[in-house]
Each structure stands twice: as C-alpha cells, then as structure tokens.
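Enquirer: So that we are looking at the same thing, I have put the structure below in structure tokens.
The values are calculated or read from the model by the stated rules, or taken from the named source; none is laboratory data. Since we're looking at a predicted model, the values are computed, not measured. All Cβ positions, glycine included, derive from the backbone under ideal geometry; neighbour counts span all protein chains shown.
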Amino acid sequence: MKKIYIFISFLILIFQALNISAQTKLDINNATLKEIQALKIFTTKQSEEIYNFILEKGGLQNIYELSAIPNIDAKLINELKDKITIYPKKTDAAEYSYNVMQTIKNLIDEENLPINIVDYLEDLAVNPLNINKADFNDLAMIPNLPPQDIAAVLRHIKKNGEIKSMRQLSGARDLSSFGYRTLKNYITFSDQIRAEYTKPSFIYKQKFLIDTVDEPSYRLMHRLRINYKNYQFGILNEKDRSERLDDSLLKYSIELKNIFNLDKIILGHFKISQGWGLALDTTDGMETEYKEDSLFSTRQLRRINGLFSDLTTTELFSFHGLALQKKYNNFTIYTYYSSDKKDGILNADGSVNYYYYSNTRDKNYYNNFREDVVGGYLKYQLPIDGLEGSHIAIGGYRMEYDKEFRPDTITLFPNNTMVPDPDYLKLFRGKTRIIQNADFQLIWRRFGLFGEIAHLARGGSAHNLGGRYDSNNGNYLILWRNYNTSYDNPYARGFGEGYGRFDATILSYDYKYRMIDLNGDNITDYYNLSNSQTMKSECGYYLQAQQIRFSRFFRITQMYYDNWDYYRYVSSTNSAPRVNNDRMQGEIEIQPFLNFAFRLKHKLQRKNKNHETKSTTNESTIRFINRLTEVSDLNIEYKYAKNENITGGKTDGNLYSVDFDYKFSSKFSMKTGIGLWKTDGMSMWNIDDDKIDFMDGNGFKYYLAMTNYLSDNLQLKFFFKQKFTDNELSTRYTYKYIDGGQIRILDYADNNTIIKTYINWRF
C-alpha cells in the first residue's frame, strides 16, 4: 500500500508542476513543428509554412515578417503576439543543441545507433551537409532516411540543378513527406562552414557510473576527439565495473580525409560495414553515451555502409591497423588490414575453443590469441537514369590466427562429454578463415530491391533478399534470409532473431547441460560461450509495414510478422529437426487531440511450435502520450505479459510506469519517472533515461535525470535511480546438472542504486 501512496503522490507533484509552466511563452525561432502546431492557432499547412519560413530565413527579427507568408494575416499575427517570444535562432554545436540531442536519443531508441553514427550526426549540426554536393553514401548515413528518398533527391538535382531552399526540396518528385522531414534537420544548400570549424575543435566526453548490483562498483569512461579541417584524432579509455584500472580498455584512431589522392585514411582502431551485414559489419554496437551495453543487434533492417573511426567501448569485435577508402567515378573501394589480439576460451592443449564474449576483462581469457585480417570491398554505383542509388558490389577478407581453432566441449564439461549439437560441431576449425560476398541494391521510383550472398571457404553460406516500398502513406518491407549452420563468421550481422548463436540450442543457458560443476572453472567458460554474440543459423521471412496513416487522428505506427526455422538437437540417435517460430506485433496510435495521443500495442510470440519445448507469449501495452504544455510531456504506460508452455506452466507480469519531461529553458531539462511491477516468474521491461531496464519479481523504482547546457561548449548530465526488487524464487540463479537434478537458492531481495554523470565539453 505504501508503494501505491508514493505512486499517487508522484502524479500529484507532476500536475502541480504543470500549473507553473502554463504561462510559458514559445521561443518560436527555435521551436519544433509540433510546438508550433500545439499553439492551436494555425492549420497544419500554416504551421508547416511558418516552420519552413523560419528555417529558410535563419530566424525572425520581428513577428511581422510572418506577413510575407500567404494565408497568414494580421488577425493571426495579433493572436500570436501573446503566445510567443523571439530570441536569436540557435547555432550551437550539435552536442549542445537540445533539439538535435533529443533527436539523436530518440533515434537511438528506434534504431540502436552506433556511436560513430552519433558522432556523424553531431558533426552535421556544426557543419551541415551540402545536399547539392552529397552523394548517395553521404545521405545514407542519415538514420531513418529511406533509400528511395535519397534517390529522389539525387534525381531531382541531376534533372533540375541545385536545390536552393526547403521549399524546392519539398517539391522534389517522389520525395516522401517523411523523407523531407528527416532531411531538413541535417542539410544546407551551400558550403556554410562555421568559422570555428576551421580551427581545432576538442570534444571531450566523460561518463561515470556507480552501480550497487552485487557489490558497489564503478565504471569510468574518457573520450576525446580532436577535429581540425580534414583531420581527426580520437582516444578512448574505459574501465568496466569489475575491471582493474590496469586492465582498462584503450583505443585510438587517426583519420585523414582527402589526402594522398584518397578520400579517407584511418590509422588505429576502425570499424567497417559492407553490404547487408552477412559478410562484415562491425558498426552496429549499441554502446553510446546514452546506453551502457555494448551489444550487437542483428534485428537491424537498415545498414550504413562505410569506414569509420572506432571510439566505442566494444572490446571484442574491433579492428586495429590501417584502412583506406577511395572513390573514382562510380566506384568506391575499401581496403584494410587489421592485427589485434582477441579474448578467447582456450583448450587444455593451448588451441582456441571459441571467442570469449564479455566486456569485462578477465586475465584467464584476455588476449589469448592474435587475429590478422586483410580484405577489400568494391562497390559500383549504376550510372543509369532512373536508377539513382542502385549498386552492385563484391568483397572478401582473410583471417589468420596464431593458434588453431578447435571447438571441443570436453573443455567445457569435466565429465569428458562431447555435446553432439550441430551448432557447435559445425563451428570453424583451423587457422585460416576466408569470407567472400556479393551484394546489390536496385532503386526505381519508390520501389527498392536488395540482397546479399556470403560464403565461408570450406564452410556454409548466408543469403538474404528483400524488397521495400516507401510512400507518403506508409513504408512496406519484405525480407527472406537463410543462414547455414556451418556459416561461422564472427563478424556477420545479418538480420535475424537474435545475436546469440547458441540461443535455444543444447548449449543455451536454460538447457540441462548448463553448469555441470558448480565449483569448476568451466562455469565462466560455458556462460560466455552460451552468450556468443554471433549470427544464429536460421531460415525465415519477415514482413513489415510502418507509418500507415488513415486520417489525422489514426495511424498504424508499426506492424510486422516474422517466421523463422532453426535446427535443434534432440539426441545422438535422432537427427536435428527444423523447429518453427513466429512473432507478430502491431501498434496503432489514436490522436483525438493535437497534444494527446495513446498507443495500443500487442505482441504474440510462439517459440518452438513443433517441438516439445514450445511456448506462447502474449504482451499488451497501452501508452498515453501527453504534450501538456510547450515545455512539458507526460507519458503513462501499462504493460501486461503472459507466457504458457506445453506442460501447462504459466507465468505473467504487470508493469505500471509514469515518465515526465520538463524543459525549464533551452539549456536545462529534467526527466523523472516511477515504475511498479508484479510478476510471476516473468521478466518485464521498459525504458528509463534511454536505457532498457529489465524487472522481475515484485518491485518499485524511481529515477531522475537532469541535463544542463551550461554554455555552447559544455553539457552536464546527471542520472539517479533506485530500484527495489523482491523475488519469491530466483530463476536467475538456478543451477542445473546433466542428470536433471538442480539446486535453487532461497528467496532474495535486491536494493539497487545507480548514479551516472556525463560531461560533454567542446573547446
């Protein structure tokens, strides 16, 4: 009951705060389109015209300038006077621009942006991209921008000449309204380099985190980028929670552009992405200054190809050496060499069992073998009118190891048991691994077709083929994929069910083989093997539709259906059957009023449908989105989920959460939230401060995040969270034996406190 009182009191405090903000005037020069619409003075078209007018002029000097816009008369201007204020239009650097940073954070939630893309977007706000000189690859770096819209812009420039205004851009044939809204945040129409950009720019970021999980520990990250004209230098140092300072991660990169007749040279740590992720993609790590977990998301539908400096905290999948990029006419060439030591699980004879998957360094696994990589990629843009943005490409690379790979489960299980699981037995063996690939993309008007094939020498293959259609009334996509069990490539990131190669196999953490010896060293070996962040073998198809608007009040934000098979080991006398799974999800948004909307989402997931371990999960969410004032937002969410398995076992969970955003000024903002949950053996999740939080048992949490742009050059952020969890029975710490016996720990309670601070400093 006490928790309920706290929950109600929290809501009362929020609504009291709203009364204080009621009289706040809108800074129209720096307002978003939604903020202008929220004034309820103008029609949707008039609001868009005002927003574009301010954008093109670079800000209003006085309110009467709006009279130059058709359909904006003196009556509307007089009505507007008491609701707005006019300050100079901000030209802050991206890292310190509130609106840009909010956009980036939203994109991180939607697409799990890697940190190199965040850097790119931040730099664009300092030095916007001249759309008239940009090529397809430049524009493709902008997240959420459909390739058909990029092609539409390029086609318009080729046919009609340079684009000189937002109004001309909006008139480009086949450019969707969604594409226009995405582009306008990052582009300009001429070379408008800020004066300070021609001087050395130092960008320093620090993150400090204290976490009381298990035992008090801290994480510290320092990151420095120096930009000067066509040169960039970066260095990163990071200590994980359980690491010693002398085991901390150190990365550096030197990037040179337009030198020695090359477009880009990177010396040090770098990332590279080619094709559709089947052969090579090391750019999709989720680590940013907003999210702590350096994971790899294979449910990634869109790929950003290119060569980038690597200043992420990802420790396993990084390259270190020299990389070159050159464009010549319609060709783009990448070539690279990497030599780096990798963490690995070793067998008793010194050979490598497999990669070690953890961001926490352990001297038992740290730098256990060397990996040398040499490769290249050639991309050809088709110079055909009407097919702008279309390409064909080929690539390949060779990995050499100083120790032989020899997967052997006897290392993992001390009873000398060889686990006959095909996902494990078909892993790569030897000292040389060769990957080859070919990919393509065809774009015509608003239609797109794409695909890739990748092959491991003396191993298996991976294929995908997809098509998409983007329009003003929705985006549609279909994708087929087929990844062989014997395609063992640690750098493959094709779209799929998950990043765990051994998920739902005999080697997964929930199978009877887990942790045979509670006191043996094999526990850590096994755990890190079972969490392998490599692409899983599977075959399936995926259908998706997004942003389908039926009226101003109703739209389908997203719906998809995914159906996939994988092979699952049964016994040594029974061949591995194909196991079928599917997942479907739909979300609708109803917006009866301009400042209020609610979203209804339902997900149905059926795992192992034709197997003895089949289960069904249903998850329903209702979310209320309230734009209470020009400076405050209130979001309320309720989530219910349940799971049923073939044996009749049932689990369920309920989650209630409230989040409140308040923008005190263009420099200072606050976000706070509270959550209550009650589960019966099922984990719930939501997002607080742009990080996914998982909750089990029964619990209560609250958090506070504050962001302060002290100046154009300095941003501070503080985050505090307390989380209280009571578990009737822990499944997280259940240890299982090969004979089916098990030991379960007693009831437990967690009190977890997290404190994070961020410093972003440009000088």
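Enquirer: Taking segment 145-189, which residues are at pLDDT below 85 and β-branched (Val, Ile, Thr)?
Expert: Listed by number, the residues that qualify are THR182, ILE187, THR188.
Enquirer: Next question. Out of all the residues in segment 72-81, is one or more of a type in the set (Val, Ile, Thr) and modelled with pLDDT under 50?
Expert: For segment 72-81, residues of a type in the set (Val, Ile, Thr) and modelled with pLDDT under 50: absent.
Enquirer: Further question on the same structure: Only one residue in ARG225, ARG241 is part of a loop (DSSP other than H, G, I, E, B) and touching an Asp or Glu at 6+ places or on another chain (Cβ under 8 Å), so which one is that?
Expert: Sole residue among the options that is part of a loop (DSSP other than H, G, I, E, B) and touching an Asp or Glu at 6+ places or on another chain (Cβ under 8 Å): ARG241.
Enquirer: Another question, if that's okay. Any idea which of (1) assigned to a loop (DSSP other than H, G, I, E, B); (2) in contact with a Phe, Trp or Tyr (Cβ under 9 Å, 6 or more places away or on another chain); (3) at negative phi; (4) not hydroxyl-bearing (Ser, Thr, Tyr) is the one PRO383 doesn't satisfy?
Expert: (2)
Enquirer: Among the candidates GLY386, GLY344, single out the residue that is more than 17 Å from PHE136 (Cα to Cα) and modelled with pLDDT under 90.
Expert: GLY344
Enquirer: Does ASP372 fit the bill of being surrounded by fewer than 16 Cβ atoms within 10 Å (Cβ to Cβ), in contact with an Asp or Glu (Cβ under 8 Å, 6 or more places away or on another chain) and within 22 Å of ILE394 (Cα to Cα)?
Expert: Criteria met by ASP372.
Enquirer: If I ask for residues that are crowded, with 17+ Cβ neighbours inside 10 Å and part of a strand (DSSP E or B), which ones from segment 607-624 would you list?
Expert: Passing the criteria: LYS607, SER615, THR617, GLU619, THR621, ARG623.
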